[in-house]
1. Determine, yes or no, whether GLU69 is under 30 Å from GLY227 (Cβ atoms) and not aromatic (Phe, Trp, Tyr).
2. Does at least one position in the stretch 79-87 carry a residue that is β-branched (Val, Ile, Thr), under 23 Å from GLY116 (Cβ atoms) and outside any loop (DSSP other than H, G, I, E, B)?
3. For the stretch 1-50, which residues satisfy the criterion of being within 13 Å of ILE98 (Cα to Cα), hydrophobic (A, V, I, L, M, F, W, C) and touching a residue at least 40 places away in the same chain (Cβ under 8 Å)?
4. One residue is enough: does the stretch 63-86 have a residue meeting the conditions acidic (Asp, Glu), surrounded by 11 or more Cβ atoms within 10 Å (Cβ to Cβ) and farther than 22 Å from ASP210 by Cβ?
5. Does ILE66 satisfy being touching a Leu at 6+ places or on another chain (Cβ under 9 Å), hydrophobic (A, V, I, L, M, F, W, C) and on the phi < 0 side of the Ramachandran plot?
6. Do you know which residues across the stretch 194-231 are among the hydrophobic types (A, V, I, L, M, F, W, C), part of a helix (DSSP H, G or I) and closer than 17 Å to ARG24 by Cα?
7. Filter the stretch 1-28 for residues that are among the small types (Gly, Ala, Ser), part of a loop (DSSP other than H, G, I, E, B) and over 20 Å from the mean Cα position of the chain (by Cα); which is farthest from ASP64 (Cα to Cα)?
8. Could you please let me know if ASP44 is in a loop (DSSP other than H, G, I, E, B) and at positive phi?
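The values are calculated or read from the model by the stated rules, or taken from the named source; none is laboratory data. What you are looking at is a predicted structure, and each value in this text was computed from that prediction instead of being measured. Quick reminder, even Gly has a Cβ in these numbers, built from the backbone with ideal geometry, and neighbours come from all protein chains shown.
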Amino acid sequence: MFAVLKTGGKQYKVQAGDMLRVERIAASAGETVQFNEVLMLGGDNPQVGSPMIEDAGVQAEVVDQIKGEKVIHFVKRRRKHSSKRTKGHRQKLTLVKITDILASGAGKSGVAAAVGTGSVSAAAVAAITGASADAAPAKKAKAAKPAKAAKPAKEAKADAPKAEKPAKAKKAAKSDGDDLSKISGVGPVIVGKLHAEGITTFAQIAAWTDADVEAIEEKLSFKGRVGREDWIAQAKELAKG
């Protein structure tokens, strides 16, 4: 019996005993996880999902957290203001061994769902925590309430002295550290996330270790952006002035 499962945006044809490298899963070596997105089951009674097969799953044991082969990215700009840059990247992967294929009963197996280390969908969170999918709309409704209270803020725009206070606060915030937006690939949204973590200078980014990079990418869902865009090398150059 074989199955076609989907994880990390890719599809894999597997059967019991197969060793598989998939996009990084939030699990430790030795743990058992379950892939719930099954597109097809093959064997004596083949089934094809539309798009998924309900209550089917593929269970696997996490063997190790690994990295893929290094990929070199070289960019060169010719003529005036020419420049060239070389970057390397190793994709984070998880090595798993397929242990069992369930044609039904996956929902009652009690095995944790295989979830990536990046952004997690509401359905995946519900599968892990046991929370119902109906809880998500309730959170949205609570978040929508402050929008009604924001209406009086429009009236405050008419008062010129009050509008000047936030502007002074922004100038003070900018003067506390470096302009992180000078790093290629860092926009206003990312600058705000870094400031929230207390990262305001080029020197702080330049001093990041591999462990620091992995922690900040996982916490802020950067998905390999730090290494892919070579923030550390850029920060070192900018810190020199």
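1. Working: under 30 Å from GLY227 (Cβ atoms): yes; not aromatic (Phe, Trp, Tyr): yes.
Here the answer is yes, as GLU69 does meet what is asked.
2. Step one: list which residues in the stretch 79-87 are β-branched (Val, Ile, Thr), which gives 86.
With under 23 Å from GLY116 (Cβ atoms) added as a condition, the list becomes none.
No, that holds for no residue.
3. MET1, PHE2, ALA3, LEU5, VAL14, ALA16, MET19, LEU20, VAL22, VAL33, PHE35, listed by residue number.
4. no
5. Yes; evaluated as a whole, the condition is true for this residue.
6. ALA211, VAL213, ALA215, ILE216, LEU220, VAL226
7. So in the stretch 1-28, the residues among the small types (Gly, Ala, Ser) come out as 3, 8-9, 16-17, 26-28.
Of the ones still in play, those that are also part of a loop (DSSP other than H, G, I, E, B) are 8-9, 16-17, 26-28.
Those still in the list that are over 20 Å from the mean Cα position of the chain (by Cα) too: 16-17.
Numbers: ALA16: 18, GLY17: 16 Å.
Among those residues, the one meeting the criterion is ALA16.
8. no
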